[in-house]
Amino acid sequence: DTGVSQNPRHKITKRGQNVTFRCDPISEHNRLYWYRQTLGQGPEFLTYFQNEAQLEKSRLLSDRFSAERPKGSFSTLEIQRTEQGDSAMYLCASRSTGRNSPLHFGNGTRLTVT
Amino acid sequence: ILNVEQSPQSLHVQEGDSTNFTCSFPSSNFYALHWYRWETAKSPEALFVMTLNGDEKKKGRISATLNTKEGYSYLYIKGSQPEDSATYLCAFGNNAGNMLTFGGGTRLMVKP
């Protein structure tokens, strides 16, 4: 178990640019989540995958955000035409099946939009 | 949008003090309640996953209780230590429990 891995750890980009983040979950976990966290707030749900299927997506999420998990393993989160308000910590988590299974988080990608 | 509230937002205690925080969540369609500890520069780490009304869980000096009928959970820390300083997050799962909604967290600072 090597844990959940996220890349890059930090990303600085200019407003209007596109960015893509990657998450490698724990290999046997079929469920994968993306959250966004801003200072002083709890993690805000963005989207959820079960295997390769995207089963839930936050209604608050702009259509500039898209996520994929093409083969049910790693996932990518893309933000198009970034805005300063997108600056946040983007957290990925995975979990196994079962009601009692907790989320296992990666270290996050901190995005700064200038 | 599900309302998951944590109080207090922050807490300063002296080493050796015992403390507790609250997580309140919708009392309908309950599936699971999670607690996580998030230390600075690390990733959130699971403490407890609770599924049954009246559940009590314990891990060392930390324990949690669950009341699903009234929609709240308490996290207790006995004899706080400086290494307990962290943000404590709860997350509520409803229906099938796949979607977990987090509260805003309680930031605990323990002074030596």
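The values are calculated or read from the model by the stated rules, or taken from the named source; none is laboratory data. This structure is a prediction, so every number in the text was calculated from the model and none was measured. Because the Cβ atoms are built from the backbone with ideal geometry, glycine has one as well, and the counts that use them run over all protein chains shown. Accessible surface is based on the protein model in full, side chains and every heavy atom, while ligands, DNA and RNA are left aside. Shrake-Rupley method; radii C 1.70, N 1.55, O 1.52, S 1.80 Å.
Pairing chain A with chain B buries about 1800 Å² of accessible area. This figure sums both sides and uses a 1.4 Å probe. Computed over chain B, the alpha-carbon pair-distance distribution with 5 angstrom bins reads 2, 13, 24, 25, 19, 10, 5, 1, 0, each value a whole percent.
Per-residue 3J(HN,Hα) values for the range B:30-43, derived from phi via the Karplus relation 6.51 cos²θ - 1.76 cosθ + 1.60 with θ = phi - 60°, read 5, 10, 7, 10, 10, 10, 10, 10, 10, 8, 4, 6, 10, 9 Hz in sequence order (x marks Gly and Pro).
Mind checking the dipole of chain B: about its Cα centre, +1 per Lys or Arg Cβ, -1 per Asp or Glu Cβ, Debye to the nearest 20?
Computed charge dipole of chain B: roughly 100 debye.
Summarising the amide proton neighbourhood of residue B:47: residues at separation of 5 or more, or on other chains, whose placed amide H is nearer than 5 Å comprise B:35, B:36, B:37. For chain A, the relative contact order works out to 37 percent when only alpha carbon pairs closer than 8 Å and six or more residues apart are counted. Once the C-beta distance of residue A:17 and residue B:45 is scaled by a Förster radius of 30 Å, the resulting FRET efficiency is 0.35 to the nearest 0.05.
Residue by residue, the range B:76-83 carries 3J(HN,Hα) couplings of 10, 10, 9, x, 3, 10, x, 6 Hz when phi is fed to the Karplus relation 6.51 cos²θ - 1.76 cosθ + 1.60 (θ = phi - 60°); x denotes Gly or Pro. In the context of the full set of protein chains, residues of the protein assembly as shown present 50 Å² of accessible surface per residue (probe radius 1.4 Å, heavy atoms only).
Other residues within the sphere of radius under 15 Å centred on the Cβ of residue B:105, judged by their own Cβ, net out at -1 (K and R +1, D and E -1). Measuring heavy-atom accessible area with a 1.4 angstrom probe and counting protein chains only, the residues of the range B:76-99 that give up at least 20 Å² relative to the chain alone are B:98, B:99. Quick one: with all protein chains in place, what share of the accessible area of the range B:22-112 is carbon or sulfur, to the nearest percent (1.4 Å probe)? Looking at the range B:22-112 in its full context, I get 47 percent from C and S. Sparse packing (at most 15 other Cβ atoms within 10 Å of the Cβ) combined with a DSSP loop state is found for the following trypsin sites (Lys or Arg not before Pro) in the range B:1-62: B:42, B:61.
For the set A:57/B:69; A:14/B:111; B:59/B:111, the pairs lying more than 31 angstrom apart at their alpha carbons are A:14/B:111.
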